[in-house]
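Reviewing the structure listed below.
The values are calculated or read from the model by the stated rules, or taken from the named source; none is laboratory data. Source: prediction; values computed, not measured. Quick reminder, even Gly has a Cβ in these numbers, built from the backbone with ideal geometry, and neighbours come from all protein chains shown. Each accessible area value is taken on the protein alone, full model and side chains, heavy atoms only, with ligands, DNA and RNA left out. Shrake-Rupley method; radii C 1.70, N 1.55, O 1.52, S 1.80 Å.
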Amino acid sequence: MRAIQVSRFGGPEVLVLSEVPAPVASADRLLVEVAAAGVNYADTHRTDGTYRATPKLPFIPGTEVVGRTPDGRRVLAPIFEGGGYAEAAVISAADAVEVPEQVGDGEALTLLVQGLTAWHVLRSSARLLPGESVLVNAAAGGVGSLAVQLARHFGAARVIAAASTAAKRDLAISLGADAAVDSDVQGYRERVLAANEGRPVDVVLESTGGPAVEAALGVLAGFGRLISYGNAGRHEHRPQIDPSALADGNLIVGGFWLRPALELPGAYREPLTELLELTATGVLRPLVGAEYALADARKAHEDLLARRTTGKLVLRP
């Protein structure tokens, strides 16, 4: 079968279309004909060797697929060991979730990693309460665009989006944000407070890393929560968090990584099924971005790293 193979760590140039042996099903693993594979920032970290769980070379990237099993079931599943950038993949039978026909391939893929991340950072990490205010950084991205909508659905009184361009801010407003601000750290605090009617915010969701984390700390209200779930900016500088400074405002800083979260009871199938139902009924609008042919995986990574994209990027075998 055709697949993208990585034989050395590096940038998008190491993504090579290759002929490789097709995977084989087993007692607890299902063979899936891949209809579409999702592209994530984490894939770029795996490819350049900076991911916290570095894969063994050579490997096939791609940790999320939607497709058909030999018996015709349309299923969605994560494959954290990789293998999604291919014409066929094997998935854990226990992880296979049926996809309603009203939900498109790109929408389903958006819900798997980005959707579950948005759900958990709001529900499990930030523990958002009805009536609270939420600031979503990178609000036009895969996680951010869903977090804006879910924050509203979960009862937030005010949702503020931060994004780097006017077009991305307009998109966040169309998804339900009450206000949108430039995410540049210069003047960030003043813009956020103005957008929240002069008040600091209760929850900040942050995925850029570096100076953005420090800026986000400066806009939190008392007992506010900052949840960091990525370092998309690839900043080498990691902010030092002083517990005494946090105590001055009764602030909470938390980190989130999806993979270990999904090992907890009720943390995978239940929220994913909820997200699929919200999408099927039109309550949630997953933001699907560009689609690329499998042979163009390199271009997909280049566009993602250059921040030329919005929403979920999809590879089509």
Of those in region 159-181 that are among the hydroxyl-bearing types (S, T, Y) and open to solvent by 60 Å² or more (accessible area, probe 1.4 Å), the residue farthest from L305 (Cα to Cα) is S174
Next on the checklist: Quick check on R298: is it modelled with pLDDT under 95, closer than 20 Å to V14 by Cα and not in a strand (DSSP E or B)?
Outcome noted: no
Per the filter on region 65-91, residues open to solvent by 50 Å² or more (accessible area, probe 1.4 Å) and under 18 Å from E19 (Cβ atoms) are E87
Matching residues in region 26-64 (hydrophobic (A, V, I, L, M, F, W, C) and surrounded by fewer than 15 Cβ atoms within 10 Å (Cβ to Cβ)) number 3
Query - Filter pass, G144 being open to solvent by 20 Å² or more (accessible area, probe 1.4 Å) and not charged (D, E, K, R) - result: no
*asked:* Against the condition within 15 Å of P271 (Cβ to Cβ), open to solvent by 40 Å² or more (accessible area, probe 1.4 Å), touching a helix residue (DSSP H, G or I) at 6+ places or on another chain (Cβ under 9 Å) and in contact (Cβ under 8 Å) with a residue 40 or more places away in the chain, how does H153 come out, does it pass?
replied: yes
Checked region 258-299 for anything small (G, A, S) and either under 20 Å from G67 (Cα atoms) or in contact with a Ser or Thr (Cβ under 8 Å, 6 or more places away or on another chain) (or both); matches are A261, A267, A280, G289, A290, A293, A295, A297
Per the filter on region 157-166, residues at pLDDT below 95 and among the β-branched types (V, I, T) are T165
In the set L135, L109, the lone residue that is closer than 28 Å to G84 by Cα and open to solvent by less than 40 Å² (accessible area, probe 1.4 Å) is L109
If we take region 182-274, then strands (runs of 3 or more DSSP E) inside it with 1 or more residues that are modelled with pLDDT of 90 or more and open to solvent by 80 Å² or more (accessible area, probe 1.4 Å) are 220-228
Screening A3, A96, A22 for residues that are among the aliphatic types (A, V, I, L, M) and buried (at least 21 other Cβ atoms within 10 Å of the Cβ) leaves only A3
